[in-house]
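Colleague: Here's a structure for you.
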Amino acid sequence: MPVVSLADTTLTPDSPATKAALQQWFGFDALRAGQVEALEHVLGGEDTLVVMPTGAGKSLVYQLAAVLHDGEALPNGVTLVVSPLIALMKDQVDALQAKGIPAAAINSSMPAAAQREVMQQMRDGTLKLVYVAPERLRHRGFMNALRETTVALLAVDEAHCVSQWGHDFRPDYLAIGDARERMGRPQTVALTATATPVVQSDICATLGISHARQVVTGFNRPNLYFRVVSTPGDGDKRRVLNDFLEEHKDQPGLIYVGTRKYAESVTRFVRDVCKREVRAYHAGLTDGERSEVQDAFLTGGLDLVVATNAFGMGVDRADVRFVVHWAIPSTLEAYYQEAGRAGRDSDSSTCLLLYAPTDRQLREWFIDQAQPGEKSLHKLYRAVARQSVDDSNEAEIDVDALGHDHRVDLKAVGVRVGLGLLERMGALTRYDDRGPLRHYSLGGWEGADRRVVLEGVEKRRKNKHDGLGHMVAYAERETCRREKLVGYFGEAVEHQPERCCDACAVQARLREAPDEIPPFEALPMHSRIAIGLLDLVDRLRWSVGRKTLVRILTGSKAGDTEAKYGTNPYYGRLGFYRQDDVDGFYKQLLAMGYLKVGGEYMTVDLTALGTQALKHREAVPLDTDGPLPTGRGSASTNGARRSGSRTVEYDEAALTPDDAPLFEALREWRTQRATADAVPPYVVFSDAVLRAIAVSRPATDDDLLALKGIGAKKVATYGEDVLELVTAAA
Ligand code: ADP
């Protein structure tokens, strides 16, 4: 098939013809910096890989090149665009047609006659752009039509789907390299918003353009401010989120959560406690509900959405002022992709991550379940073998039962993956299933393909853990977060905005800190408490967890606290407060970013901000006057007053029909428990408290403590029962 050669053209992004086409077809006065760089190569006829973030304007790179292939500026020819989503394709084609640019898509949902018509126009050269999904490149009819088409440019959109190491690998994309060969290697431009340097070279190698020019730019988004807060428990996350929303009243934003369940519970929290209008978005909703939420958000009728990663592709609202992540995603690519939906209009916006080390453990668990290692697979194989019928080579198994077998270290998800791998290894062969059980014939653990399969799993597992490692490194970092993010994609930070990230803000404070450090005694009471608490954390030779910290400060006699810490100058220093109050101070300092929690034993440590505050004895806006719903607020000097460390009030909590069954279940449990303990029911919990539990669905002891009317003692006595009931109702 004829392929256009541009060897002797001299068109550049600066040429009058380029500028005229930009204005005439797209109505833009100028190209953006990244587009100029990309078009220099593309108009110069070179294969090019363009890595620019979402919203940077990647489509224009090939669309402008396409209209310039008009037989005058550049030789005539069609630009073939490979794109993964039919819906997005349709939007693009509609937009191009509206501009008067001859463009069309071919996909399997079109009638055969319409497909034939587009292919004819493609052959005739009357179309400038033709959009197809990668599967189309396997169709003989389409490939035949291509053979008679002059292809000026092959554009591969969402090119990270080519790479097995990318976060959204699609096997169909592997067909592109082959098809490109058969097309006679037309000039190719591959575009993606997310690709690390490893993925970048993988894309080029797979497409057969290893020599391609690479343009990696635009990841530095100066209008975004990056912030991470250590939030070990859900209660901490709620507190920080509540504060944050208070500071960003009336602003449009997105809150990303990891699961549907959290999408629902965080939505309830935001609506009932933070009093913001909000909707949840996740894959469990009907199509109708999903598009309703998306449309409301896009048109501005709704300003806040709590979403799983199902909310993403195609979300194009420019004035999103913040993106909060309730927990870490599994890679930094995914994080930046989602966080980067803030501030597309270039106005100042914030990306806040609520980081809990346990979220990391959860992610690791998922990785290990999805990529079970040799040991786990061997255990699983033996468990299947134990189910063999009458010592034959045939086994009958129940996947869920295996997931509960204590000799297998995989849960049902992992068991399913593991069985698939054992099949690929040749250790098991699956028969047609009769009924709910699976039937296998046993081929022996030493299956022929064992090594190959295990190596593949090991590689994927390592890759996933590495990916997660970068995400965690970002979250735990105390130096510039922008550098980590931008550098991750292979770009250097050339311009560091004044408002960069929380780590840089601490550095700036350090530089501006007055030389004179006030004497401790001159500090107001609330600052003395804060600085004292920070000082204790700093001085302890071995890090301790939150409970020990509180016990030391209140001079508790529990366990061996006195024996171990009785001589510590801080032992009992805050003895005139209740443990709950001191716990509240600790939580505020955590929420404000002075403390963090981490390590194997979830110990408490100072952040850079905490170290700086301690060193300069800064005023810390600790609220010692309670109640402390927000962890901020007017600091009072009357530190001796008792404070409540309550955080979440559901006093008006209205039960939705969804919550009613749980409320009833809780009441029933209360009756039984009260009878068993021979106390009146209200001594267990009041109705108001049960209602609050039903509405807020606590998942941890911390969550329970955050509710009004529940103290440490109640948690110790009833916590387990209550949490079990909540889980059962989920
Ligand atoms: P990407 O594919 O990189 O996510 P798009 O191609 O969808 O980005 O472009 C994002 C937005 O920027 C679109 O609304 C587009 O019209 C606009 N845009 C692209 N290039 C320019 C330009 N040179 N000048 C002004 N607006 C532009």
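Only the coordinates and a few stated rules stand behind these numbers; no lab work does. The model shown is predicted, which means the values in this text are computed figures rather than measured ones. No Cβ is skipped: glycine too gets one built from the backbone with ideal geometry, and neighbour counts run over all protein chains shown.
Colleague: Write out the chymotrypsin sites (Phe, Trp or Tyr not before Pro) in the range 475-569 meeting two conditions: DSSP loop, and at most 12 other Cβ atoms within 10 Å of their Cβ.
Modeller: Trp542
Colleague: Going toward the positive end of the dipole of the chain, with +1 on Lys and Arg Cβ and -1 on Asp and Glu Cβ, which of Val61, Phe297, Val273 do you reach last?
Modeller: Looking along the dipole axis, the top candidate is Val273.
Colleague: Report, in debye and to the nearest 20, how large the dipole of the range 94-201 comes out about its Cα centre when Lys and Arg carry +1 and Asp and Glu carry -1 on their Cβ.
Modeller: Dipole magnitude for the range 94-201 comes out near 300 debye.
Colleague: Which entries of Lys90/Lys128; Lys375/Lys596; Lys275/Lys615 have Cα-Cα distances beyond 27 Å here?
Modeller: Lys375/Lys596; Lys275/Lys615
Colleague: DSSP loop GluC sites (Glu not before Pro) in the range 446-544 with at most 15 other Cβ atoms within 10 Å of their Cβ, which ones?
Modeller: Counting only loop positions with at most 15 other Cβ atoms within 10 Å, the GluC sites (Glu not before Pro) in the range 446-544 are Glu446, Glu478, Glu494, Glu498, Glu516.
Colleague: To the nearest 10 degrees, how steep is helix 579-591 against the longest Cα principal axis of the chain, on a 0 to 90 scale?
Modeller: 20
Colleague: Between Asp91 and Arg116, what length comes free when the chain is fully extended (0.36 nm per residue of separation minus the Cα-Cα distance, one decimal in nm)?
Modeller: My answer for the length gained is 6.9 nm.
Colleague: Still on this structure, I have one more. How about the range 125-228: which GluC sites (Glu not before Pro) there lie in a loop by DSSP and see at most 15 other Cβ atoms within 10 Å?
Modeller: Qualifying residues, ordered by number: Glu148.
Colleague: Quick check for me: using +1 on Lys/Arg Cβ and -1 on Asp/Glu Cβ, what's the dipole size of the chain about its Cα centre, in debye to the nearest 20?
Modeller: 980
Colleague: What does the C-alpha gyration tensor say about the overall shape of the range 12-125? Classify as rounded when a/c is under 1.5, otherwise prolate if a/b is larger than b/c, or oblate.
Modeller: It comes out prolate by the Cα gyration axes.
Colleague: Once both axes come from the Cα atoms, what is the angle between helix 260-272 and the longest principal axis of the chain, in degrees from 0 to 90, rounded to 10?
Modeller: 60
Colleague: Among Val537, Phe520, Val506, which residue has its Cα positioned farthest towards the positive end of the charge dipole of the range 487-575, with +1 placed on the Cβ of Lys and Arg, -1 on the Cβ of Asp and Glu, and the dipole taken about the Cα centre?
Modeller: After comparing all options, I get Val537.
Colleague: Taking the Cα atoms only, what angle lies between the long axis of helix 112-124 and the longest principal axis of the chain, rounded to 10 degrees?
Modeller: 60
Colleague: Could you state, as a whole-number percent, how many of the C-alpha pairs of the chain are farther apart than 51 Å?
Modeller: Of all Cα-Cα distances in the chain, 25 percent exceed 51 Å.
Colleague: A further question follows. Obtain the nm distance between the two label points defined at Glu720 and Ala385 by a simple spin-label model: each point lies 7 Å from its Cα along the Cα-to-C-beta direction.
Modeller: In this crude spin-label approximation the distance works out to 3.8 nm.
Colleague: Let me ask something else about it. Of Gly177, Gly284, Val240, which is farthest on the positive side of the dipole of the range 158-299, counting Cα position, with +1 on Lys and Arg Cβ, -1 on Asp and Glu Cβ, and the Cα centre as origin?
Modeller: Of Gly177, Gly284, Val240, it is Val240.
Colleague: Once you charge only the Cβ atoms, +1 for Lys and Arg and -1 for Asp and Glu, what is the size of the charge dipole of the range 124-265 about its Cα centre, to the nearest 20 debye?
Modeller: 300
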